[in-house]
Amino acid sequence: MAKRLKINLLNNQSGFTLVEVMIALTLFAVFTTVFIMSQATNQNNSSVMSEDIKLHNLAEMKINEILLDPPEFTNATDNTKESKAFDIEGYKIYKYTIEYKKLEIPNLNELSGKEEDDDPSGESRNNAIQKMVFQKLKENMEKILWQVKVTVENTETQYAYELTSWISNPEAKIDTNFGF
């Protein structure tokens with residue numbers, strides 16, 4: 001009888017209980033789920049980054065083309081949009097839109113927060129010279145600088161990327177006559 005009791009005690013102590021097996025399976029399932037979800041997120045982020053790089057490179061290529069061969073800047077060019085598809089093999093699903101905007105600088109009173117006739121210090125001559133110089137600078141800068149915005153879009157996914165740059169008008173004439 002003592003021999004039989006010893007064997008039963010040994011049998012009860014060997015192996016895992018059902019609770020231990022369930023805990024181990026639960027931990028394994030949680031680890032596996034987290035691992036698979038992180039891999040899916042990494043894959044998704046990689047494909048989005050790859051698309052971003054393609055769109056950025058296409059937009060940069062269009063900006064460089066514009067910088068090398070700028071259009072004629074006139075008032076008719078301001079706020080114009082031009083949309084076309086790429087003719088490059090492998091990139092026919094992408095289209096681009098080019099927008100030009102003239103630089104607009106607000107007037108000096110808007111920048112300084114002063115009213116036209118607000119002159120408590122009596123420095124009207126200095127203010128008049130300052131306004132004249134600022135006005136010439138404003139006119140010259142608005143003639144010279146233009147903003148170009150290139151938007152490249154994947155027509156299948158509607159995923160878009162914008163790139164902007166300032167370009168100078170090579171035909172702009174700077175007025176240096178301040179009337180002094």
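The values are calculated or read from the model by the stated rules, or taken from the named source; none is laboratory data. Note that the coordinates shown come from a computational prediction; the quantities given were computed from them, not determined experimentally. When we count neighbours, we look across all protein chains shown, and the Cβ atoms used for this are built from the backbone with ideal geometry, even at glycine.
Report the residue count in the stretch 132-167 for those that are part of a strand (DSSP E or B) and either touching a residue at least 40 places away in the same chain (Cβ under 8 Å) or hydrophobic (A, V, I, L, M, F, W, C) (or both).
Residues in the stretch 132-167 being part of a strand (DSSP E or B) and either touching a residue at least 40 places away in the same chain (Cβ under 8 Å) or hydrophobic (A, V, I, L, M, F, W, C) (or both): 17 in total.
Would you mind stating whether Lys149 is basic (Lys, Arg), modelled with pLDDT of 85 or more, surrounded by fewer than 15 Cβ atoms within 10 Å (Cβ to Cβ) and in contact with a strand residue (DSSP E or B) (Cβ under 9 Å, 6 or more places away or on another chain)?
Taking the combined requirement at face value, the residue does not satisfy it.
Can you find a residue that is under 18 Å from the mean Cα position of the chain (by Cα), at pLDDT 85 or above, part of a strand (DSSP E or B) and surrounded by 14 or more Cβ atoms within 10 Å (Cβ to Cβ) anywhere in the stretch 82-94? Break it down stepwise before answering.
Going residue by residue through the stretch 82-94, those that are under 18 Å from the mean Cα position of the chain (by Cα) are 94.
Going one step further and asking which of them are at pLDDT 85 or above, we end up with 94.
Still in the list and also part of a strand (DSSP E or B): 94.
Then drop every residue that is not surrounded by 14 or more Cβ atoms within 10 Å (Cβ to Cβ), which leaves 94.
Yes, because at least one residue in the stretch 82-94 is under 18 Å from the mean Cα position of the chain (by Cα), at pLDDT 85 or above, part of a strand (DSSP E or B) and surrounded by 14 or more Cβ atoms within 10 Å (Cβ to Cβ).
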